[in-house]
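The values are calculated or read from the model by the stated rules, or taken from the named source; none is laboratory data. Owing to the predicted nature of the structure, the values given are computational and were not obtained by experimental measurement. We place every Cβ from the backbone using ideal geometry, glycine too, and count neighbours over all the protein chains shown. Side chains included, ligands, DNA and RNA excluded: accessible areas come from the protein's heavy atoms. Shrake-Rupley method; radii C 1.70, N 1.55, O 1.52, S 1.80 Å.
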Amino acid sequence: MRYDDSSPPPESGPSANPDRHWFTRRSTLVVGIAALAPACLAGWVLTQALSGAGSDESRPRPAPQPAGHATVSPGQRDAKPGSTPSDSPGTPAAAPLPAPAKGPLTGKTVVVDPGHNTGNFQHTDEIDQQVDIGTNRKECDTTGTTTNSGYMEAEFTMDVSKRLRTALEAQGAKVVLTHETGARAWGPCITERARIGNDAKADAVVSVHADGVSSGSRGFHVILPAKVRSGAADTAKIVEPSRELGERIAGNFARTTGSEPANYLGGGTGLVVRDDLGGLNLSTRPKVFIECGNMRDAKDAAKLTSPEWRQKAAQGIADGIVGFLGG
Ligand SMILES: [Zn+2]
(Lines give C-alpha, C1' and ligand atoms only; values in the text may rest on other atoms or scores of the structure.)
Protein backbone atom coordinates (compact mmCIF):
# COMPACT_ATOMS: atom_id res chain seq x y z
CA MET A 1 0.00 0.00 0.00
CA ARG A 2 1.15 3.49 -0.59
CA TYR A 3 1.07 4.36 3.06
CA ASP A 4 3.73 1.75 3.76
CA ASP A 5 6.38 4.04 4.82
CA SER A 6 4.12 6.89 5.73
CA SER A 7 3.90 8.14 9.25
CA PRO A 8 1.39 8.00 10.63
CA PRO A 9 -0.82 5.73 8.53
CA PRO A 10 -4.35 6.93 8.01
CA GLU A 11 -6.63 6.12 10.91
CA SER A 12 -9.79 6.32 8.90
CA GLY A 13 -10.89 5.84 5.35
CA PRO A 14 -10.74 2.87 3.08
CA SER A 15 -7.31 1.67 3.93
CA ALA A 16 -7.74 1.76 7.69
CA ASN A 17 -10.05 -1.18 8.13
CA PRO A 18 -8.66 -3.86 5.85
CA ASP A 19 -6.39 -5.41 8.37
CA ARG A 20 -9.17 -5.78 10.93
CA HIS A 21 -11.50 -7.36 8.39
CA TRP A 22 -8.74 -9.46 7.11
CA PHE A 23 -8.00 -10.77 10.56
CA THR A 24 -11.48 -12.16 10.99
CA ARG A 25 -11.74 -13.55 7.53
CA ARG A 26 -8.44 -15.24 7.78
CA SER A 27 -9.06 -16.70 11.17
CA THR A 28 -8.51 -20.25 9.97
CA LEU A 29 -5.18 -19.29 8.52
CA VAL A 30 -4.31 -17.50 11.69
CA VAL A 31 -5.03 -20.65 13.66
CA GLY A 32 -2.71 -22.53 11.34
CA ILE A 33 -0.03 -19.95 11.68
CA ALA A 34 -0.53 -19.85 15.42
CA ALA A 35 0.10 -23.56 15.56
CA LEU A 36 3.44 -23.08 13.86
CA ALA A 37 4.31 -19.87 15.65
CA PRO A 38 5.79 -21.26 18.89
CA ALA A 39 8.49 -23.21 17.12
CA CYS A 40 9.32 -20.36 14.76
CA LEU A 41 9.23 -17.82 17.53
CA ALA A 42 11.42 -19.94 19.74
CA GLY A 43 13.99 -20.17 16.99
CA TRP A 44 13.79 -16.48 16.34
CA VAL A 45 14.12 -15.57 19.99
CA LEU A 46 17.09 -17.87 20.29
CA THR A 47 18.70 -16.26 17.28
CA GLN A 48 18.08 -12.81 18.67
CA ALA A 49 19.44 -13.78 22.06
CA LEU A 50 22.55 -15.29 20.57
CA SER A 51 23.20 -12.27 18.41
CA GLY A 52 22.66 -9.99 21.39
CA ALA A 53 20.95 -7.68 18.99
CA GLY A 54 17.52 -7.34 20.47
CA SER A 55 15.51 -4.97 18.37
CA ASP A 56 18.40 -2.84 17.24
CA GLU A 57 17.75 -2.12 13.58
CA SER A 58 21.21 -0.77 12.98
CA ARG A 59 22.87 -4.14 12.87
CA PRO A 60 23.40 -5.99 9.62
CA ARG A 61 20.84 -8.73 9.44
CA PRO A 62 20.82 -10.42 6.06
CA ALA A 63 17.68 -12.26 5.14
CA PRO A 64 18.02 -16.01 5.22
CA GLN A 65 17.37 -17.78 1.99
CA PRO A 66 17.57 -21.12 0.34
CA ALA A 67 20.70 -22.27 -1.40
CA GLY A 68 21.10 -20.89 -4.85
CA HIS A 69 20.01 -17.38 -3.98
CA ALA A 70 22.84 -15.79 -2.07
CA THR A 71 22.12 -12.50 -0.35
CA VAL A 72 25.71 -11.45 -0.77
CA SER A 73 28.06 -12.97 -3.27
CA PRO A 74 31.45 -14.14 -2.06
CA GLY A 75 33.21 -11.23 -3.73
CA GLN A 76 30.82 -8.69 -2.30
CA ARG A 77 30.94 -10.33 1.09
CA ASP A 78 34.68 -9.79 1.19
CA ALA A 79 34.26 -6.19 0.27
CA LYS A 80 31.41 -5.48 2.62
CA PRO A 81 32.34 -3.14 5.44
CA GLY A 82 30.96 -3.58 8.87
CA SER A 83 30.16 -7.23 8.47
CA THR A 84 29.46 -9.18 11.59
CA PRO A 85 30.78 -12.67 12.24
CA SER A 86 27.33 -14.04 11.51
CA ASP A 87 27.19 -12.80 7.96
CA SER A 88 30.73 -12.87 6.80
CA PRO A 89 33.36 -15.28 5.71
CA GLY A 90 34.07 -18.39 7.47
CA THR A 91 31.13 -19.96 5.82
CA PRO A 92 32.55 -22.18 3.17
CA ALA A 93 31.31 -21.92 -0.34
CA ALA A 94 28.39 -24.06 0.64
CA ALA A 95 26.06 -25.47 -1.94
CA PRO A 96 27.28 -24.94 -5.48
CA LEU A 97 25.18 -22.45 -7.34
CA PRO A 98 23.54 -23.60 -10.53
CA ALA A 99 25.27 -22.26 -13.61
CA PRO A 100 23.76 -18.84 -14.19
CA ALA A 101 22.03 -18.17 -17.46
CA LYS A 102 23.84 -15.97 -19.94
CA GLY A 103 21.92 -12.95 -21.08
CA PRO A 104 21.68 -9.19 -21.19
CA LEU A 105 21.83 -9.01 -17.40
CA THR A 106 24.93 -11.16 -17.00
CA GLY A 107 27.17 -9.48 -14.43
CA LYS A 108 24.33 -7.35 -13.08
CA THR A 109 22.87 -7.53 -9.60
CA VAL A 110 19.21 -6.77 -8.99
CA VAL A 111 17.68 -6.56 -5.53
CA VAL A 112 13.96 -7.29 -5.34
CA ASP A 113 12.10 -6.21 -2.21
CA PRO A 114 8.79 -7.97 -1.51
CA GLY A 115 6.83 -5.32 0.39
CA HIS A 116 5.71 -6.12 3.96
CA ASN A 117 5.69 -9.61 5.50
CA THR A 118 2.74 -11.93 6.12
CA GLY A 119 3.86 -12.20 9.76
CA ASN A 120 3.90 -8.46 10.43
CA PHE A 121 0.37 -8.36 11.83
CA GLN A 122 1.42 -10.73 14.59
CA HIS A 123 4.41 -8.57 15.49
CA THR A 124 2.98 -5.10 15.74
CA ASP A 125 5.25 -4.11 18.63
CA GLU A 126 8.32 -4.94 16.58
CA ILE A 127 7.21 -3.34 13.34
CA ASP A 128 5.93 -0.24 15.13
CA GLN A 129 9.41 0.55 16.43
CA GLN A 130 10.62 3.84 15.07
CA VAL A 131 13.61 3.82 12.77
CA ASP A 132 15.69 6.68 11.42
CA ILE A 133 15.22 7.27 7.69
CA GLY A 134 17.41 10.34 7.58
CA THR A 135 14.66 12.84 6.96
CA ASN A 136 12.64 11.72 9.98
CA ARG A 137 11.66 8.68 12.01
CA LYS A 138 9.05 6.15 10.96
CA GLU A 139 7.70 2.71 11.70
CA CYS A 140 10.11 -0.14 11.02
CA ASP A 141 7.57 -1.78 8.70
CA THR A 142 3.82 -1.99 8.15
CA THR A 143 1.29 -4.77 7.65
CA GLY A 144 0.21 -3.78 4.16
CA THR A 145 -3.31 -4.05 2.82
CA THR A 146 -5.56 -6.88 1.56
CA THR A 147 -8.22 -7.46 -1.04
CA ASN A 148 -11.81 -7.55 0.17
CA SER A 149 -11.62 -11.33 0.05
CA GLY A 150 -8.55 -11.38 2.29
CA TYR A 151 -5.66 -11.88 -0.13
CA MET A 152 -2.77 -10.18 1.60
CA GLU A 153 -0.57 -7.60 -0.06
CA ALA A 154 2.39 -9.41 1.53
CA GLU A 155 1.38 -12.63 -0.24
CA PHE A 156 1.04 -10.77 -3.52
CA THR A 157 4.39 -9.02 -3.23
CA MET A 158 6.24 -12.24 -2.44
CA ASP A 159 4.62 -14.09 -5.33
CA VAL A 160 5.42 -11.37 -7.85
CA SER A 161 8.94 -11.00 -6.46
CA LYS A 162 9.69 -14.69 -6.92
CA ARG A 163 8.33 -14.63 -10.45
CA LEU A 164 10.45 -11.55 -11.07
CA ARG A 165 13.52 -13.29 -9.71
CA THR A 166 12.99 -16.20 -12.08
CA ALA A 167 12.55 -13.86 -15.04
CA LEU A 168 15.66 -11.86 -14.19
CA GLU A 169 17.82 -14.91 -13.57
CA ALA A 170 16.80 -16.19 -16.97
CA GLN A 171 18.37 -13.02 -18.36
CA GLY A 172 21.60 -13.69 -16.50
CA ALA A 173 21.13 -11.45 -13.47
CA LYS A 174 22.20 -12.20 -9.93
CA VAL A 175 19.05 -11.58 -7.90
CA VAL A 176 18.77 -10.91 -4.19
CA LEU A 177 15.43 -10.86 -2.36
CA THR A 178 15.31 -8.80 0.82
CA HIS A 179 13.42 -11.63 2.53
CA GLU A 180 12.02 -15.04 1.73
CA THR A 181 8.73 -16.77 2.51
CA GLY A 182 8.65 -17.80 6.15
CA ALA A 183 12.34 -17.11 6.69
CA ARG A 184 11.65 -14.44 9.23
CA ALA A 185 8.70 -13.70 11.49
CA TRP A 186 8.40 -10.03 10.56
CA GLY A 187 10.07 -7.25 8.61
CA PRO A 188 12.75 -6.49 7.56
CA CYS A 189 12.58 -2.88 8.69
CA ILE A 190 12.57 -0.35 5.88
CA THR A 191 16.09 0.67 6.88
CA GLU A 192 17.35 -2.86 6.41
CA ARG A 193 15.49 -3.26 3.13
CA ALA A 194 17.40 -0.26 1.85
CA ARG A 195 20.68 -1.49 3.27
CA ILE A 196 20.41 -4.86 1.54
CA GLY A 197 20.30 -3.12 -1.84
CA ASN A 198 23.19 -0.86 -0.88
CA ASP A 199 25.36 -3.67 0.46
CA ALA A 200 24.72 -5.79 -2.63
CA LYS A 201 25.85 -2.84 -4.75
CA ALA A 202 22.74 -3.47 -6.77
CA ASP A 203 22.53 -2.13 -10.29
CA ALA A 204 18.79 -1.76 -9.78
CA VAL A 205 16.39 -2.23 -6.88
CA VAL A 206 12.62 -2.67 -7.07
CA SER A 207 10.25 -2.76 -4.12
CA VAL A 208 7.02 -4.55 -5.01
CA HIS A 209 3.68 -3.40 -3.54
CA ALA A 210 -0.02 -3.07 -4.18
CA ASP A 211 -2.08 -0.16 -2.97
CA GLY A 212 -5.01 -0.03 -0.56
CA VAL A 213 -7.18 2.95 -1.42
CA SER A 214 -10.87 3.47 -2.11
CA SER A 215 -12.83 1.45 -4.64
CA GLY A 216 -12.88 3.11 -8.04
CA SER A 217 -9.24 4.12 -7.72
CA ARG A 218 -7.51 1.87 -10.19
CA GLY A 219 -4.28 1.27 -12.03
CA PHE A 220 -0.59 1.06 -11.25
CA HIS A 221 2.03 3.62 -10.39
CA VAL A 222 5.77 3.65 -9.92
CA ILE A 223 7.21 5.69 -7.06
CA LEU A 224 10.45 7.55 -7.70
CA PRO A 225 12.80 8.99 -5.06
CA ALA A 226 12.72 12.75 -4.53
CA LYS A 227 15.96 14.61 -4.01
CA VAL A 228 16.52 14.60 -0.28
CA ARG A 229 19.56 15.20 1.86
CA SER A 230 19.25 14.84 5.58
CA GLY A 231 21.00 12.61 8.06
CA ALA A 232 21.72 9.27 6.41
CA ALA A 233 19.49 10.14 3.46
CA ASP A 234 21.13 11.52 0.33
CA THR A 235 19.44 10.65 -2.93
CA ALA A 236 21.21 13.16 -5.18
CA LYS A 237 23.02 10.45 -7.12
CA ILE A 238 20.05 8.14 -7.59
CA VAL A 239 17.27 10.53 -8.54
CA GLU A 240 18.08 10.57 -12.24
CA PRO A 241 18.82 6.87 -12.82
CA SER A 242 15.87 5.91 -10.64
CA ARG A 243 13.58 7.96 -12.85
CA GLU A 244 14.86 6.18 -15.92
CA LEU A 245 14.41 2.84 -14.20
CA GLY A 246 10.88 3.82 -13.17
CA GLU A 247 9.90 5.01 -16.64
CA ARG A 248 11.17 1.79 -18.18
CA ILE A 249 9.26 -0.30 -15.68
CA ALA A 250 6.05 1.72 -16.04
CA GLY A 251 6.09 1.45 -19.82
CA ASN A 252 6.77 -2.26 -19.87
CA PHE A 253 4.34 -2.98 -17.04
CA ALA A 254 1.54 -1.27 -18.96
CA ARG A 255 2.42 -3.23 -22.07
CA THR A 256 2.59 -6.70 -20.53
CA THR A 257 -0.37 -6.36 -18.14
CA GLY A 258 -2.67 -4.13 -20.14
CA SER A 259 -3.20 -2.10 -16.97
CA GLU A 260 -3.59 1.65 -17.09
CA PRO A 261 -1.55 4.14 -15.09
CA ALA A 262 -3.30 5.03 -11.84
CA ASN A 263 -6.40 7.20 -12.20
CA TYR A 264 -6.07 8.69 -8.71
CA LEU A 265 -2.57 10.17 -8.65
CA GLY A 266 0.35 10.90 -10.92
CA GLY A 267 -1.73 12.78 -13.48
CA GLY A 268 -2.08 9.71 -15.66
CA THR A 269 1.66 9.21 -16.01
CA GLY A 270 1.92 6.21 -13.69
CA LEU A 271 4.82 7.98 -12.00
CA VAL A 272 4.88 9.64 -8.58
CA VAL A 273 7.80 11.24 -6.74
CA ARG A 274 7.92 10.88 -2.96
CA ASP A 275 10.28 12.10 -0.28
CA ASP A 276 8.81 10.22 2.68
CA LEU A 277 9.76 6.61 1.98
CA GLY A 278 12.68 5.28 3.98
CA GLY A 279 13.27 2.55 1.42
CA LEU A 280 13.99 5.22 -1.18
CA ASN A 281 15.57 7.93 0.98
CA LEU A 282 18.20 5.56 2.33
CA SER A 283 19.02 3.90 -0.98
CA THR A 284 22.34 4.61 -2.64
CA ARG A 285 21.41 2.47 -5.65
CA PRO A 286 18.86 3.22 -8.41
CA LYS A 287 15.56 2.21 -6.85
CA VAL A 288 11.82 2.48 -7.33
CA PHE A 289 8.65 1.15 -5.73
CA ILE A 290 5.83 -0.19 -7.88
CA GLU A 291 2.24 -0.21 -6.69
CA CYS A 292 0.84 -2.80 -9.08
CA GLY A 293 -2.83 -1.98 -8.54
CA ASN A 294 -5.43 -1.21 -5.88
CA MET A 295 -6.31 -4.24 -3.79
CA ARG A 296 -9.46 -2.53 -2.48
CA ASP A 297 -10.95 -2.14 -5.95
CA ALA A 298 -12.80 -5.18 -7.27
CA LYS A 299 -11.59 -4.80 -10.87
CA ASP A 300 -7.97 -4.37 -9.87
CA ALA A 301 -8.28 -7.15 -7.27
CA ALA A 302 -9.44 -9.56 -9.97
CA LYS A 303 -6.11 -8.97 -11.69
CA LEU A 304 -3.96 -9.02 -8.57
CA THR A 305 -5.41 -12.36 -7.46
CA SER A 306 -4.76 -13.99 -10.84
CA PRO A 307 -1.52 -16.00 -11.09
CA GLU A 308 -1.51 -15.43 -14.85
CA TRP A 309 -1.74 -11.67 -14.36
CA ARG A 310 0.98 -11.72 -11.72
CA GLN A 311 3.25 -13.46 -14.20
CA LYS A 312 2.60 -10.67 -16.70
CA ALA A 313 3.30 -8.14 -13.97
CA ALA A 314 6.61 -9.75 -13.12
CA GLN A 315 7.54 -9.94 -16.81
CA GLY A 316 6.77 -6.26 -17.29
CA ILE A 317 8.96 -5.28 -14.36
CA ALA A 318 11.74 -7.56 -15.61
CA ASP A 319 11.54 -6.11 -19.10
CA GLY A 320 11.82 -2.63 -17.64
CA ILE A 321 14.93 -3.61 -15.71
CA VAL A 322 16.47 -5.20 -18.82
CA GLY A 323 15.82 -1.98 -20.71
CA PHE A 324 17.31 0.13 -17.93
CA LEU A 325 20.42 -1.98 -17.62
CA GLY A 326 21.12 -1.78 -21.30
CA GLY A 327 19.85 -5.14 -22.47
ZN1 LIG B 1 2.75 -1.79 0.45
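Tabulated data
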read-out: Which listed residue, of E139, E180, is of a type in the set (D, E, K, R) and within 14 Å of the ligand (Cβ to nearest atom); value: E139
read-out: Residue check for G270: away from the ligand (no atom under 16 Å from the Cβ), crowded, with 22+ Cβ neighbours inside 10 Å and over 14 Å from D113 (Cα atoms); value: yes
read-out: Residue, nearest to the ligand (Cβ to nearest atom), within the stretch 114-126, restricted to residues that are open to solvent by less than 10 Å² (accessible area, probe 1.4 Å) and out of contact with any Phe, Trp or Tyr (no Cβ under 7 Å at 6 or more places or on another chain); value: G115
read-out: For D159: the one exception among (1) modelled with pLDDT of 50 or more; (2) closer than 30 Å to S230 by Cβ; value: (2)
read-out: Which numbered condition V208 fails, given (1) surrounded by 24 or more Cβ atoms within 10 Å (Cβ to Cβ); (2) away from the ligand (no atom under 14 Å from the Cβ); value: (2)
read-out: Residue identified as touching a residue at least 60 places away in the same chain (Cβ under 8 Å) and over 20 Å from A318 (Cα atoms) among P188, P104; value: P188
read-out: Checking T143 against (1) without any contact (Cβ under 8 Å) to a residue 60 or more places away in the chain; (2) hydroxyl-bearing (S, T, Y); (3) open to solvent by 10 Å² or more (accessible area, probe 1.4 Å), the condition it does not meet; value: (1)
read-out: Search result, residues across the stretch 146-174 that are farther than 15 Å from W186 by Cβ and buried (at least 23 other Cβ atoms within 10 Å of the Cβ); value: T146, T147, F156, V160, S161, L164, L168, A173
read-out: Any pair with Cβ under 7 angstrom, 6 or more apart, that starts in the stretch 230-248 at a residue that is within 10 Å of T284 (Cβ to Cβ) and ends at one that is buried (at least 17 other Cβ atoms within 10 Å of the Cβ) and among the basic types (K, R); value: I238/R285; I238/K287
read-out: Matching residues, the stretch 142-176, being in contact with a strand residue (DSSP E or B) (Cβ under 8 Å, 6 or more places away or on another chain), within 16 Å of the ligand (Cβ to nearest atom) and not hydroxyl-bearing (S, T, Y); value: G144, M152, E153, A154, F156, M158, V160, L164
read-out: Qualifying positions in the stretch 127-140 - among the acidic types (D, E) and either open to solvent by less than 10 Å² (accessible area, probe 1.4 Å) or assigned to a loop (DSSP other than H, G, I, E, B) (or both); value: D128
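Residues are listed down the side, and each one gets a yes or a no for (1) open to solvent by less than 10 Å² (accessible area, probe 1.4 Å); (2) farther than 17 Å from F253 by Cα; (3) without any contact (Cβ under 8 Å) to a residue 24 or more places away in the chain:
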site: V288; (1), (2), (3): yes, no, no
site: C292; (1), (2), (3): yes, no, no
site: L304; (1), (2), (3): yes, no, no
site: E308; (1), (2), (3): no, no, yes
site: Q311; (1), (2), (3): no, no, no
site: L325; (1), (2), (3): no, no, no
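Each row is one residue, and each column tells you yes or no for (1) in contact with a helix residue (DSSP H, G or I) (Cβ under 9 Å, 6 or more places away or on another chain); (2) modelled with pLDDT of 95 or more; (3) of a type in the set (A, V, I, L, M, F, W, C).
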position: D234; (1), (2), (3): yes, yes, no
position: E240; (1), (2), (3): no, yes, no
position: G293; (1), (2), (3): yes, yes, no
position: I317; (1), (2), (3): yes, yes, yes
